[in-house]
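The values are calculated or read from the model by the stated rules, or taken from the named source; none is laboratory data. Since the structure is predicted, the reported quantities are computational estimates derived from the model, not experimental observations. Neighbour counts are summed over all protein chains in view; Cβ atoms, including those assigned to glycine, are modelled from backbone coordinates with ideal geometry.
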Amino acid sequence: MSVLITGGTGWIGSHLIPHLSAPLVVSRNAESAKRKTGLPVDQIIECEIGSGLIPSQRLSGVTSVVNLVGESIAEGRWTADKKKSLRDSRIQTTENLVNSLMQADTLPDVCVSASATGYYGERGDDVLVESDPAGKDFLSQICLDWEKATQPLVDAGVRVCHLRIGIVLGKGGGAMKTMLPPFRLGAGGRLGSGKQWMSWIHLDDLVQMILFLLNQSACTGPFNGTSPNPVRNNQFTKAMGAALGRPTFMFVPQTALRIAIGEFANFLFASQRVLPSAFENAGFTYQFPDIESALADIVAP
Ligand SMILES: NC(=O)c1ccc[n+]([C@@H]2O[C@H](COP(=O)([O-])OP(=O)(O)OC[C@H]3O[C@@H](n4cnc5c(N)ncnc54)[C@H](OP(=O)(O)O)[C@@H]3O)[C@@H](O)[C@H]2O)c1
């Protein structure tokens with residue numbers, strides 16, 4: 001299997017790379033990609049994937065593709081420019097990746113393309129599985145269009161899996177990077193009422209999910225990349241306190257957070273009770289199915 005990865009220099013991609021044999025990484029900056037991934041320069045393809053195609057000759061022999069590109073939703077205020085960038089860095093890049101693959105000598109067998117549980121939008125206590133419709137907010141529309149961007153590959157007979165990733169919990173990045181410091185200081189607490197559902201996944205399980213989708217030839221279509229046990233924000237808060245041995249009396253009001261960080265606050269308060277129905281049907285097994293075991297692993301020294 002020869003795997004091509006976009007977004008391979010990112011937090012998830014750099015944890016996936018050690019599990020792959022001689023992957024090819026597409027990056028906007030070869031020097032920094034070499035540093036971040038530890039890969040030799042001949043395994044890095046420098047390309048402004050948002051505005052151009054990957055040279056066809058570099059795609060020869062690629063059998064599998066993992067698409068993890070996308071600007072961080074958590075960094076910076078959601079101004080009009082930032083929102084355009086969040087959209088373009090997922091949809092234009094995926095369109096360019098797909099067009100590049102369509103122009104290569106041979107098509108890959110499989111493409112695992114990132115999406116997010118943001119697909120479903122704010123849904124209260126509804127239990128959400130892959131067949132549920134998309135929401136109507138900004139992130140839902142991005143996810144919908146992001147998934148649609150791979151349609152030419154589907155039409156050409158490539159096995160395409162859309163991985164609707166939940167809140168990824170792991171060491172050294174993602175949501176934990178922001179949440180751990182206040183919790184460690186005993187200044188952590190629930191967000192608002194704490195009743196909103198959080199659909200989370202341990203980074204190690206997410207990496208195994210990507211490998212599973214690459215290898216299981218019967219898997220196709222949307223897959224919720226979440227643990228089988230989503231939790232309410234107040235359960236999560238208690239579990240963080242217990243894992244760290246710290247109090248969690250504080251709470252963050254939505255209005256205050258909205259004033260402080262803008263529209264991104266709505267995302268933090270959104271309730272999504274997502275179940276990984278397709279992974280369970282396909283026989284995927286979790287190393288960290290519950291929040292207590294996941295957090296114990298992550299906060300361990
Ligand atoms: N982490 C999570 O909790 C989470 C949850 C749901 C979905 N996801 C999705 O999973 C994917 C990977 O997540 P991650 O946390 O690993 O992301 P990340 O660490 O932010 O890395 C994403 C990569 O995308 C590339 N990129 C960033 N901005 C770009 C832009 N404006 N134009 C073109 N390329 C750009 C960068 O690669 P180069 O600099 O090398 O070009 C970067 O390394 C993303 O699509 C993200 O939306 C993540």
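Sort out which residues of the range 28-57 are of a type in the set (S, T, N, Q), under 24 Å from Gln103 (Cβ atoms), near the ligand (Cβ under 10 Å from one of its atoms) and surrounded by 13 or more Cβ atoms within 10 Å (Cβ to Cβ), and write them in order of number. Matches in the range 28-57: Asn29 only. Determine whether the range 124-140 contains at least one residue that is touching a helix residue (DSSP H, G or I) at 6+ places or on another chain (Cβ under 7 Å), without any contact (Cβ under 8 Å) to a residue 24 or more places away in the chain and among the aliphatic types (A, V, I, L, M). Yes: the range 124-140 contains one or more residues that are touching a helix residue (DSSP H, G or I) at 6+ places or on another chain (Cβ under 7 Å), without any contact (Cβ under 8 Å) to a residue 24 or more places away in the chain and among the aliphatic types (A, V, I, L, M). In the range 58-80, the qualifying residues are those that are near the ligand (Cβ under 9 Å from one of its atoms) and within 16 Å of Glu95 (Cα to Cα), and the one that is surrounded by the fewest Cβ atoms within 10 Å (Cβ to Cβ) is Glu71.
Of the numbered criteria (1) surrounded by 17 or more Cβ atoms within 10 Å (Cβ to Cβ); (2) part of a helix (DSSP H, G or I); (3) among the hydrophobic types (A, V, I, L, M, F, W, C), the one Phe284 fails is (2).
For the range 171-195, the set of residues classified as over 17 Å from Gln235 (Cα atoms) and either hydrophobic (A, V, I, L, M, F, W, C) or modelled with pLDDT under 90 (or both) consists of Thr178, Leu185, listed by residue number. Within the set Leu180, Leu206, Leu214, Leu257, the sole residue that is over 25 Å from Arg273 (Cβ atoms) and either out of contact with any strand residue (DSSP E or B) (no Cβ under 6 Å at 6 or more places or on another chain) or part of a helix (DSSP H, G or I) (or both) turns out to be Leu214.
Here Leu4 clears all of (1) near the ligand (Cβ under 10 Å from one of its atoms); (2) over 21 Å from Phe264 (Cα atoms); (3) under 18 Å from the mean Cα position of the chain (by Cα) except the condition numbered (1). Of all the criteria given as (1) in contact (Cβ under 8 Å) with a residue 24 or more places away in the chain; (2) of a type in the set (D, E, K, R); (3) loosely packed, with under 15 Cβ neighbours inside 10 Å, the one not satisfied by Asp155 is (1). What are the pairs, 6+ residues apart or on separate chains, where a residue within the range 1-25 that is closer than 20 Å to Ser115 by Cβ and assigned to a helix (DSSP H, G or I) has its Cβ under 6 Å from a residue that is modelled with pLDDT of 95 or more and near the ligand (Cβ under 7 Å from one of its atoms)? Hits for this filter: Ile12/Leu68; Gly13/Gly7; Gly13/Leu68.
Just for the range 163-192: of the residues that are out of contact with any helix residue (DSSP H, G or I) (no Cβ under 8 Å at 6 or more places or on another chain) and closer than 27 Å to Arg123 by Cα, which one is nearest to the ligand (Cβ to nearest atom)? Ranking the candidates gives Ala175 first.
Is it true that some residue in the range 262-278 is surrounded by fewer than 20 Cβ atoms within 10 Å (Cβ to Cβ), touching a residue at least 60 places away in the same chain (Cβ under 8 Å), touching a strand residue (DSSP E or B) at 6+ places or on another chain (Cβ under 8 Å) and closer than 18 Å to Ala243 by Cα? No, the range 262-278 has no match at all.
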